[in-house]
Amino acid sequence: MDRVPVLRLGGLLLVSIQVDLEDSTALALQEDLSQAVVATGARGVLIDISGLEIVDSFVGRMLSTIAAVSRVLDAETVVVGMRPAVAITLVELGLDLAGVRTALDVERGMRVLGSTTAPRADGLPLAR
Amino acid sequence: MSARGGGDEVPIAADADVVRVRQLVRARAQAAGLGLVDLTKVVTAASELARNTLVHGGGGTARVEAVAGTTAGGRPRSGVRAVFVDAGPGIPDVRAALQDGWSSGTGLGLGLSGARRLVDEFDLTSGVGSGTRVVVVKWGR
């Protein structure tokens, strides 16, 4: 099974999905990300899906779950890079990605996260 | 409508097979000249149906083939057809299963109804104890 790498960039976690996701890979990413949020104290999660040729109900649910779990762990999630054909298909499929913030590209996504995620007020370093 | 050339039949027995079905449908849809949006729709529908076959049907097969036909105006057109077959428990109430929100409990309830919206032709036959067969067709424009 492939594993999607989770990169740390300052106070953010960065994920770029570049493989045709098997369901088990999607579930592993969900777990890896929530563990990484806690381990690094990240305030933001940026997920780049520009490499995804489709988003079906399973991957859509994964994105919603990641956003919800991150929020509970005090981190904001932004999904960026959705292809137009994927967006059209998602809407027709009936998925609305409830609770998921989106931005057109990585740069805009970083700006969204930068404006909503201040460093943690406890003054502790981000890494352990 | 007629099938053209030998299609591919692949087993659906594991996660990786769902990915393989997506890739097969993509290749056939591309060969049939479908545009990017139609191609994305039919690959997404195939992904939902292949997962249904795996998760709810206990595994089965997918057959993917090119088809040729004519439009209502008599113009020739080509498309892709995918047939999903399992020998699972079957669906007791097919009409209910095609409603948005109907779910066996593990998903969002969009698999069947969503897949139907994404294709041009959709046919589902199922009986309790006799498995499920879903045929979808997407035409190029």
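Give me the pairs, please: first residue somewhere in segment B:113-140 and under 16 Å from B:Thr53 (Cβ atoms) and surrounded by fewer than 17 Cβ atoms within 10 Å (Cβ to Cβ), second residue anywhere and at pLDDT 95 or above and not hydroxyl-bearing (Ser, Thr, Tyr), beta-carbon distance under 6 Å, and either six or more positions apart or on two chains.
Here the result reads B:Asp123/B:Val135; B:Thr125/B:Arg133, each pair linking segment B:113-140 to a residue that is at pLDDT 95 or above and not hydroxyl-bearing (Ser, Thr, Tyr).
Condition first: farther than 29 Å from B:Arg20 by Cβ, touching a Gly at 6+ places or on another chain (Cβ under 9 Å) and surrounded by fewer than 21 Cβ atoms within 10 Å (Cβ to Cβ). Can you find one or more residues in segment A:74-91 that meet it?
The answer is yes; a qualifying residue exists.
Name every residue in segment A:6-30 that is under 12 Å from the mean Cα position of the chain (by Cα) and not in a strand (DSSP E or B), in order of residue number.
A:Ile17, A:Ala26, A:Leu29, A:Gln30
Do any residues in segment B:31-46 that are within 12 Å of B:Ala82 (Cβ to Cβ) and hydroxyl-bearing (Ser, Thr, Tyr) have Cβ atoms under 6 Å from those of residues that are in a helix (DSSP H, G or I) and at pLDDT below 95, where the two are at least six apart or on different chains, and which pairs are they?
Once the first residue is within 12 Å of B:Ala82 (Cβ to Cβ) and hydroxyl-bearing (Ser, Thr, Tyr) and sits in segment B:31-46, no partner that is in a helix (DSSP H, G or I) and at pLDDT below 95 comes close enough.
Looking at segment B:12-30 only, could you name the residues that are open to solvent by less than 50 Å² (accessible area, probe 1.4 Å) and touching a residue at least 24 places away in the same chain (Cβ under 8 Å)?
Listed by number, the residues that qualify are B:Ile12, B:Ala14, B:Asp15, B:Asp17, B:Val18, B:Val21, B:Arg22, B:Leu24, B:Val25, B:Ala29.
If the requirement is being surrounded by fewer than 21 Cβ atoms within 10 Å (Cβ to Cβ) and part of a helix (DSSP H, G or I), which of these qualifies: A:Val69, A:Val37?
Working: A:Val37 fails: surrounded by fewer than 21 Cβ atoms within 10 Å (Cβ to Cβ).
Only one candidate qualifies: A:Val69.
Tell me whether segment A:76-87 contains one or more residues that are over 11 Å from the mean Cα position of the chain (by Cα), modelled with pLDDT of 95 or more, part of a helix (DSSP H, G or I) and over 21 Å from B:Val42 (Cβ atoms).
No, segment A:76-87 has no match at all.
Find all pairs meeting these conditions: Cβ atoms under 6 angstrom apart; at least six residues apart or on different chains; first residue within segment A:77-95 and over 23 Å from B:Arg116 (Cβ atoms); second residue of a type outside the set (A, V, I, L, M) and open to solvent by less than 10 Å² (accessible area, probe 1.4 Å).
A:Thr77/A:Ser70; A:Val78/A:Gly109; A:Val80/A:Gly109
Would you mind telling me which numbered condition in (1) in a helix (DSSP H, G or I); (2) of a type outside the set (A, V, I, L, M, F, W, C); (3) within 29 Å of A:Gly94 (Cβ to Cβ) A:Asp2 fails?
Among (1) in a helix (DSSP H, G or I); (2) of a type outside the set (A, V, I, L, M, F, W, C); (3) within 29 Å of A:Gly94 (Cβ to Cβ), the lone unmet condition for A:Asp2 is (1).
The values are calculated or read from the model by the stated rules, or taken from the named source; none is laboratory data. From a predicted model like this one, the values you see are computed outputs, not experimental measurements. All Cβ positions, even for glycine, are placed from backbone atoms using ideal geometry, and neighbour counts span all protein chains on display. Protein only, heavy atoms only, side chains kept; ligands, DNA and RNA dropped before computing areas. Shrake-Rupley method; radii C 1.70, N 1.55, O 1.52, S 1.80 Å.
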